[in-house]
Amino acid sequence: MTVMISRERRNAPIDFLVIEDNPDDAFLLLHFLGKSFPESRRFHAFGRKDLEGYLDEGNRPDIILSDWSLPQFNGLAALEIVRSRGVDAPFLIVSGKIGEEAATAAIRQGVFDYVLKDNLARLPTAIGHALDQYENEKKTRLNNATLALQATALRAAPDAIAIFTPAGRIEQANPAFEELTDYASGELQDVDIRALCIEVPAIPPESPDDDREAPREWIVCGLAKTRHNRQYFEEEKFCPVYGPTGALAHIVVIKKDISADEQRKRELEQDLWLSTAIGQTQSPGALCQSVVGFLRERHPDCRCGIRLAPTVEEQEALWFGEPWDMEEQGQAEQSGCREGWRLLSRDFALGQESIGSIRIEYPEASPIDRGKLFDTLARQLEAAIQRMGAQRKVAAQVRNISFLQLIGRTISGDMDFEAFAAPLLRQIQKFLDVDAVSLFLSDKDSATMTCRAQSGFRTGRIDGSVVSYGDSYVGKAAVQQRIISVPALDAAA
């Protein structure tokens, strides 16, 4: 007798559980199963006690054959015991007689089929059908569980994911994709993916013969827009899914907002450029001109203007970039800008003295925080101009007080030099906005400098201190960044 069983079951031994209280019927049934399924394993349970003991030992049969009428319980009670132990194997009734009404009730309760004992020839076919259906249902349950798990993972994924057909129509999209593209739940169904991506790559319609040479994904980066025209920088990853025949079935796209990464990248690029420009520039005017050129190159849609006060370059006020009307300090910040634009305005000061201003006007719609970029640039530019201005002021002040070298050679011993120099030191202290200032007079003959006056120091130990030319005091102070520069003190100054 040929029994039709699925390929998965054909070469695997079958574990039978036979529940039968009649020894003769049990012998005949077990013998019949042995002939029909020679590789099978068969266990016989006479009643409830044998059945519960068999299941409690952890045995899990592939199929169960039970008599309908059993001592102290029937086939449905046996089915209930089996299911209560978590066994979902096919359950067949093999009985001498069973009414149609009872058979219908049994099938409703979960019995797969019933076979009369006087027609055992139909039993192998019924067993084959039961095992095949059980395997199919198991696969279906597994597939459904996998699909449910995948759907849950898709919904919970933090990245924006959509699945679309080779024709470009969206079939599924997770909530993150809806949020990123500004679509409401369910609105993306059948939408053309090309309207939501920077660029959809040309993916081969057939699976390549050599998978090693075929790209598994395509990545596109660039400027994207949402449904409501909000701009942002995006990374798009496209992954093809080929069907059993090798034809392209679906494409998965994973979208990621990388605006924050792009913001950090531009901040680092700007800091690096400005640090290099400051190191290579000798004057505030040249630095401002470089900044204007940088902004025009990196942000061509923006308008920038920089004004330097006359005291910085020791001439009339200088303008760089786009000039604007500003009759008095602060007016530029109060003035408005065009609709849809934003304005950054900052005044530069050295102590109480105004040394310049910067104004940058830029479009409000931007994928990055340009306000943060420009504010950082303005602060760094102000600090650089302050340093350059202070150095120029110090150099000019040194030139103005060079006459003290001559005074140091000609003053009489009874002259109170400290009283003479005190007003000058206080002015320098106030101008440089420092806590203390000392005045050293140089003696070329002895190659030394002697402290002749000081203001603001809490100790008098510096008075009269002598420093030899080439000593490590200046170098140590420079390493510790306690001074900015040491102007040349020569006779021609």
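When you go through (1) in contact (Cβ under 8 Å) with a residue 24 or more places away in the chain; (2) touching a Lys or Arg at 6+ places or on another chain (Cβ under 7 Å) one by one for A130, which number turns out not to apply?
(2)
Pick out the one residue from E314, E353, E333 that is of a type in the set (D, E, K, R), at pLDDT below 80 and exposed (fewer than 14 other Cβ atoms within 10 Å of the Cβ).
Checking each option against the conditions leaves just E314.
Filter the range 156-192 down to the residues that are in a strand (DSSP E or B) and hydrophobic (A, V, I, L, M, F, W, C), then identify the one that is farthest from I251 (Cα to Cα).
Only one residue tops the list, namely A160.
Being assigned to a loop (DSSP other than H, G, I, E, B) and either out of contact with any Phe, Trp or Tyr (no Cβ under 6 Å at 6 or more places or on another chain) or surrounded by fewer than 12 Cβ atoms within 10 Å (Cβ to Cβ) (or both) is the filter here, so list the residues in the range 193-202 that pass it.
L196, C197, I198, E199, V200, A202, listed by residue number.
Quick one: is A365 under 30 Å from V394 (Cβ atoms), at pLDDT 85 or above and not aromatic (F, W, Y)?
For A365, the condition - under 30 Å from V394 (Cβ atoms), at pLDDT 85 or above and not aromatic (F, W, Y) - is not met.
For the range 100-127, name all the residues that are hydroxyl-bearing (S, T, Y) and in contact (Cβ under 8 Å) with a residue 40 or more places away in the chain.
Once the filter is applied, which keeps residues that are hydroxyl-bearing (S, T, Y) and in contact (Cβ under 8 Å) with a residue 40 or more places away in the chain, the range 100-127 yields Y114, T125.
Scan the range 14-28 residue by residue and report those that are of a type in the set (A, V, I, L, M) and out of contact with any Phe, Trp or Tyr (no Cβ under 9 Å at 6 or more places or on another chain).
L28
Taking into account only those residues within the range 258-297 that are more than 30 Å from Y232 (Cα to Cα) and aliphatic (A, V, I, L, M), which is surrounded by the most Cβ atoms within 10 Å (Cβ to Cβ)?
L287
Helices (runs of 4 or more DSSP H) wholly in the range 244-313 with at least 3 residues that are hydrophobic (A, V, I, L, M, F, W, C) - which ones?
259-280, 284-298
If you go through the range 1-13 one residue at a time, do you hit one that is small (G, A, S), modelled with pLDDT of 90 or more and under 24 Å from R83 (Cβ atoms)?
Checking the range 1-13: not a single residue is small (G, A, S), modelled with pLDDT of 90 or more and under 24 Å from R83 (Cβ atoms).
From (1) surrounded by fewer than 13 Cβ atoms within 10 Å (Cβ to Cβ); (2) more than 30 Å from P201 (Cα to Cα); (3) at pLDDT 85 or above, pick out the condition that doesn't hold for P300.
It fails just one condition, (2).
Condition first: touching a residue at least 24 places away in the same chain (Cβ under 8 Å) and exposed (fewer than 14 other Cβ atoms within 10 Å of the Cβ). Can you find one or more residues in the range 145-153 that meet it?
Within the range 145-153, not a single residue is touching a residue at least 24 places away in the same chain (Cβ under 8 Å) and exposed (fewer than 14 other Cβ atoms within 10 Å of the Cβ).
Could you pull out the residue among F46, F91 that is closer than 30 Å to R141 by Cβ and either of a type in the set (D, E, K, R) or without any contact (Cβ under 8 Å) to a residue 40 or more places away in the chain (or both)?
F91
Among the residues that make up the range 418-429, is at least one of them exposed (fewer than 11 other Cβ atoms within 10 Å of the Cβ) and either within 30 Å of S354 (Cβ to Cβ) or modelled with pLDDT under 85 (or both)?
Scanning the range 418-429 turns up at least one residue that is exposed (fewer than 11 other Cβ atoms within 10 Å of the Cβ) and either within 30 Å of S354 (Cβ to Cβ) or modelled with pLDDT under 85 (or both).
It is to be established whether one or more residues within the range 56-71 are touching a Ser or Thr at 6+ places or on another chain (Cβ under 7 Å), of a type in the set (F, W, Y) and closer than 27 Å to N136 by Cβ.
Yes, there is a match, as at least one residue in the range 56-71 is touching a Ser or Thr at 6+ places or on another chain (Cβ under 7 Å), of a type in the set (F, W, Y) and closer than 27 Å to N136 by Cβ.
Hey, could you check the range 73-98 for residues that are basic (K, R) and touching a strand residue (DSSP E or B) at 6+ places or on another chain (Cβ under 9 Å) and say which is surrounded by the fewest Cβ atoms within 10 Å (Cβ to Cβ)?
K97
The values are calculated or read from the model by the stated rules, or taken from the named source; none is laboratory data. None of the values given here were measured: they were computed from a predicted structure. Note that we place each Cβ from the backbone using ideal geometry, even for glycine, and neighbour counts take in every protein chain shown.
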